[in-house]
Amino acid sequence: MAEIELNDVRKVYAGNIEAIKGVSLHIADGEMIVLVGPSGCGKSTLLRMIAGLESISSGEISIGGRVVNQLEPSQRDIAMVFQNYALYPHMTVRQNLAYGLKNRNTPKDEIDRRITEAAKALEIEQYLERKPRQLSGGQRQRVAMGRAIVRKPAAFLFDEPLSNLDAKLRVQMRVEIRRLQRSLATTSVYVTHDQMEAMTLADRLVVLNGGKIEQVGTPIELYERPASTFVATFIGSPSMNLLKRKAVEGSGWALATSSGIAASVDTVGIRPEDIVIANENAPADFTGEVKVDAVELVGAESYVHASLADGSPIVFRVPGRSQIGFGETIRIAAAQPNIHMFDVTGKRLD
Amino acid sequence: MQNVVFPNKILPYLLVAPQIILTVIFFFWPASQALYQSAMREDPFGLRSTFVGFANFTAIFNDPNYLHSLQVTVVFSVATAVLAMGTALLLATAADLVVRGRGFYRTFMIIPYAVAPAVAGMLWLFMFNPAMGTFAYLLRRNGVMWDPLLDGNQAMLLVVVAAAWKQISYNFLFFVAGLQAIPKSLLEAASIDGARGSRRFWTIIFPLLAPTTFFLLVVNTVYAFFDTFGIIHAVTGGGPAKATETLVYKVYNDGFVNLNLGSSAAQSVVLMVIVIGLTAFQFRFVEKKVHYG
C-alpha cells in the first residue's frame with residue numbers, strides 16, 4: 001500500500017537522446033494508473049524507471065514516501081509482470097512463486113500459506129508442480145501474476161502483460177486483472193499501447209507522447225474532453241474526425257448556434273459516434289453535406305466513410321445495417337456539446 | 001525425411017565421394033585394422049603374427065601400468081575439464097559485464113584456440129622449464145621446489161594447465177553464447193525478486209546454462225582424452241615415471257615406440273568404445289533431459 005510520486009523525472013540516453021522529458025505524476029494509494037501511448041513514446045521506459053531497471057537521469061521517484069532513485073529494484077518493494085511472463089523455466093510454478101519470498105528470508109510456512117492463497121485466487125492450484133513450459137499462454141500469465149501477488153508489494157507494475165495472448169483470452173484476463181487489483185487494492189501502474197485495455201482498466205489514464213505527458217485523467221474525461229488532437233485521435237475507435245477549418249468553411253458547413261467558428265480555431269473534431277444523418281429531430285448545430293465513399297458493416301453498426309466537398313475524409317457511425325449507397329450525397333449533423341475545437345498547435349480550445 | 005530423386009544417376013555419388021573416401025581411409029580402415037590387430041600377437045621380429053583372441057585385452061586389464069594410466073587419464077581429464085570450464089565460465093560472466101571494448105576482449109579470448117596443441121605445449125614448456133623457464137625461475141626464487149621433470153604431480157599440473165589453457169577459448173565462446181541466450185527479462189525478474197550477485201548466478205544463470213555446460217563437459221572430456229596427445233608429447237613425454245602417461249599416450253608409446261602392436265591395438269579399441277559411449281551419452285541423455293523450452 002503506497003503512493004507513488006514522480007517529480008520532473010527525466011531519462012537521457014547516451015548521445016543526448018531524451019526519452020523522458022520531465023514527467024511529474026502523483027499516483028494515489030490503491031489507484032490503477034494506465035500509461036498509454038504509441039510505441040516509442042517512453043511509457044515502458046518510465047515504468048522501468050519506477051521499477052529500478054533503468055536509471056533516473058534527473059528528477060525524483062518516491063514510493064510510499066521513500067525516495068527510491070538510488071535503490072535496487074529488489075529494495076523498492078514493487079513487483080513486475082513482464083510481457084513475455086519471464087518465468088524461470090527451470091523451476092516449477094511453486095518454486096517460481098516462492099523464489100522472491102525465499103530471497104527475502106520469509107519463513108517456510110508463511111511462503112506456503114501465501115502460495116496457496118494466490119494459487120486459489122488465480123485458479124492455478126492444479127499446476128503448482130508443473131514447469132512453465134507445460135502451461136498455456138494464459139496459465140503462464142496467471143503464474144506471472146501470482147509471482148507478483150505472493151510478494152504483497154507496495155505496488156504492481158505491468159509491462160504490456162496481455163499483448164502475447166489471443167484476443168479472447170486478453171479480454172478475459174483484462175477483467176481478471178481489474179478484479180484482482182480492486183480486491184487487493186494495491187497501487188498499480190500498467191503500460192499498454194492498446195487503448196481499449198487502457199480505457200477499461202484505468203482509474204486514471206496517462207497519455208504519453210514523445211516522452212511527455214499529453215493528458216492525465218479518468219477514461220471518461222479523456223474521451224469527452226481530450227486536451228489535444230493527439231489524445232483525441234488516440235482515445236476512441238474509430239478515432240475522432242479532425243477537420244481543418246478551411247475544409248469545413250469551404251465545404252459550406254456552418255455552426256448554426258453561435259456566430260460561426262471562433263478565429264483561433266484551426267481544427268474541428270467530431271467523434272464518429274456523435275454524428276447523425278440530418279432530419280427534423282436531429283440536433284443540427286453543426287451540419288453539412290458529404291459524399292459517401294464506402295460503407296463498412298461491423299455487426300451491430302456500420303461505419304460510413306465519406307468526404308467533404310474539398311475531399312477531406314470523415315467517418316461516422318450509423319446504427320444497424322445502413323441503407324446508404326455509394327456515391328450518394330447526404331446531409332449529416334452533430335450537436336454543439338460534441339464538437340471539439342483545437343488551435344494551430346493542436347491544443348483544446350473551450 | 002523426404003525421399004529425394006536426383007535426375008542425374010552419377011553426380012550425387014561424385015559429390016559425396018570425397019567425404020566417403022576420407023572417412024573410409026582415415027576412420028574405417030584404421031579402425032578395422034585396430035580391431036583386427038587387437039586379436040593378433042606379433043612375434044619379436046615382426047615376421048609373423050598369430051591369432052590370440054581376447055588375450056591382449058585380458059593382458060592390458062591385468063597390467064598395473066595400464067590401470068595406472070587409466071587413473072592418470074581420469075585425474076587429467078577431470079582436472080582439465082573442470083579448470084577449462086570453470087575459468088571459461090568466470091571469464092564469460094566477466095565479459096558479459098564489460099561495456100566498452102566487448103568485441104576486442106572476446107576476439108582476444110578466442111585466439112588460444114587457434115594455437116596447435118604441440119605449439120601450446122612448447123609455449124608452456126618454455127615458460128616452466130626448470131632450466132630456462134621464466135616462471136620456473138620466479139617460482140624457485142620464491143622458494144617453490146619447481147621441477148616438473150622430476151616431480152610427477154608438478155608435471156601433471158603443468159600439462160593440465162597447458163591443456164586447459166587451450167580449451168578455455170572454445171568453452172568461453174559457448175558460455176558467452178549461452179549467457180546471451182538467457183532472456184534479459186528473466187534477469188530483471190530475478191533482480192526484482194531480490195536475487196543478486198552469486199545467489200542470482202547459482203539459482204538462475206547457472207541452471208539456465210546447464211545445456212551448454214553438459215555439452216561442454218562431454219566435448220572437454222573427449223578433448224582431454226584424445227586431443228591432448230600433442231601437449232603431453234611436447235611437455236612431458238608421458239613422464240616422469242609415467243606420471244602423465246594418459247591412455248592415448250600409452251597407445252602411442254606401446255605401439256610406435258615399444259612396437260607392441262597387439263597390446264596397442266587392444267588399447268585403442270578400448271578408447272574407441274569409450275568415445276562411442278561418451279557420444280551416445282551426449283545424444284541420448286544430454287540433448288533430451290537437460291533442455292528447457
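The values are calculated or read from the model by the stated rules, or taken from the named source; none is laboratory data. No experiment lies behind these values; they were computed from the predicted model shown. Heads up, the Cβs are rebuilt from the backbone with ideal geometry, glycines too, and the neighbour counts pull from every protein chain shown.
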> Of the conditions (1) more than 22 Å from B:Thr73 (Cβ to Cβ); (2) crowded, with 16+ Cβ neighbours inside 10 Å; (3) of a type in the set (D, E, K, R); (4) modelled with pLDDT of 80 or more, B:Lys166 fails just one. Which one is it?
Replying inline: (1)
>> Being at positive phi, assigned to a loop (DSSP other than H, G, I, E, B) and assigned by TED's automatic domain parsing to the domain that holds A:Asp194: is that true of A:Asn69 here?
In response: no
> Considering segment A:313-350 alone, what residues qualify as being among the polar types (S, T, N, Q) and closer than 20 Å to A:Ala262 by Cβ?
Replying inline: A:Gln336, A:Asn338, A:Thr345
> Any residue at all in segment B:141-153 that is at pLDDT 80 or above and crowded, with 17+ Cβ neighbours inside 10 Å?
Replying inline: no
> Could you list, in sequence order, the residues of segment B:174-186 that are among the aliphatic types (A, V, I, L, M), away from every other protein chain (no Cβ under 14 Å) and surrounded by fewer than 17 Cβ atoms within 10 Å (Cβ to Cβ)?
Replying inline: B:Ala177
>> Suppose we filter segment A:302-350 for residues that are exposed (fewer than 13 other Cβ atoms within 10 Å of the Cβ) and at positive phi; how many remain?
In response: 3
> So which residues in segment A:54-96 are free of Cβ contacts under 8 Å to residues at least 60 places away in the same chain, among the hydrophobic types (A, V, I, L, M, F, W, C) and surrounded by 21 or more Cβ atoms within 10 Å (Cβ to Cβ)?
Replying inline: A:Ile61, A:Val68, A:Ala86, A:Val93
> Do you know which residues across segment A:38-65 are part of a loop (DSSP other than H, G, I, E, B), at negative phi and of a type in the set (Gly, Ala, Ser)?
Replying inline: A:Ser39, A:Ser55, A:Ser57
>> I'd like the full set of residues that are of a type outside the set (Phe, Trp, Tyr), surrounded by 13 or more Cβ atoms within 10 Å (Cβ to Cβ) and free of Cβ contacts under 8 Å to residues at least 24 places away in the same chain, limited to segment B:120-133.
In response: B:Met127, B:Asn129, B:Pro130, B:Gly133
>> Can you find a residue that is touching a helix residue (DSSP H, G or I) at 6+ places or on another chain (Cβ under 6 Å), assigned by TED's automatic domain parsing to the domain that holds A:Glu214 and within 13 Å of A:Val191 (Cβ to Cβ) anywhere in segment A:37-52?
In response: yes
> Pick from segment A:6-19 the residues that are out of contact with any helix residue (DSSP H, G or I) (no Cβ under 6 Å at 6 or more places or on another chain) and surrounded by 17 or more Cβ atoms within 10 Å (Cβ to Cβ): which of them is farthest from A:Thr218 (Cα to Cα)?
Replying inline: A:Val9
> Within segment A:260-283, which residues are modelled with pLDDT of 80 or more and hydrophobic (A, V, I, L, M, F, W, C)?
Replying inline: A:Val265, A:Val268, A:Ile270, A:Ile275, A:Val276, A:Ile277, A:Ala278
>> Looking only at helices (runs of 4 or more DSSP H) that lie completely in segment B:20-105, which have at least 2 residues being modelled with pLDDT of 85 or more and surrounded by 13 or more Cβ atoms within 10 Å (Cβ to Cβ)?
In response: B:29-37, B:64-97
>> Within segment A:71-98, take every residue that is closer than 26 Å to A:Glu3 by Cα and among the charged types (D, E, K, R) and give me the one that is farthest from the other protein chains (Cβ to nearest Cβ).
In response: A:Asp77
> So how many residues does segment B:65-111 have that are of a type outside the set (Gly, Ala, Ser) and either free of Cβ contacts under 8 Å to residues at least 40 places away in the same chain or more than 19 Å from B:Ser169 (Cβ to Cβ) (or both)?
Replying inline: 23
>> Among (1) more than 29 Å from B:Ala114 (Cα to Cα); (2) away from chain A (no Cβ under 14 Å); (3) touching a Lys or Arg at 6+ places or on another chain (Cβ under 9 Å), there is one condition B:Ala241 misses while meeting the rest; what is its number?
In response: (3)
> Does segment A:57-70 include one or more residues that are over 16 Å from A:Ala2 (Cα atoms) and among the aliphatic types (A, V, I, L, M)?
Replying inline: no
> Hey, A:Ile115 hits all of (1) at pLDDT below 90; (2) under 28 Å from B:Leu209 (Cα atoms); (3) more than 12 Å from every other protein chain (Cβ to nearest Cβ) but one; which does it fall short on?
Replying inline: (1)
>> So, in segment B:187-201, how many residues would count as being buried (at least 20 other Cβ atoms within 10 Å of the Cβ) and free of Cβ contacts under 8 Å to residues at least 12 places away in the same chain?
In response: 5
>> Tell me the residue from A:Leu101, A:Leu128, A:Leu180 that is over 24 Å from the mean Cα position of the chain (by Cα), within 28 Å of A:Glu5 (Cβ to Cβ) and either within 13 Å of another protein chain (Cβ to nearest Cβ) or surrounded by fewer than 23 Cβ atoms within 10 Å (Cβ to Cβ) (or both), please.
In response: A:Leu101
> Looking at (1) modelled with pLDDT of 90 or more; (2) buried (at least 22 other Cβ atoms within 10 Å of the Cβ); (3) away from chain B (no Cβ under 14 Å); (4) not in a strand (DSSP E or B), can you tell me which one A:Ile33 breaks?
Replying inline: (4)
> Quick one: how many residues across segment A:122-148 are under 21 Å from A:Val189 (Cβ atoms) and in contact with a Leu (Cβ under 7 Å, 6 or more places away or on another chain)?
Replying inline: 7
> For segment A:156-175, how many residues meet the condition of being of a type in the set (D, E, K, R) and surrounded by fewer than 18 Cβ atoms within 10 Å (Cβ to Cβ)?
Replying inline: 2
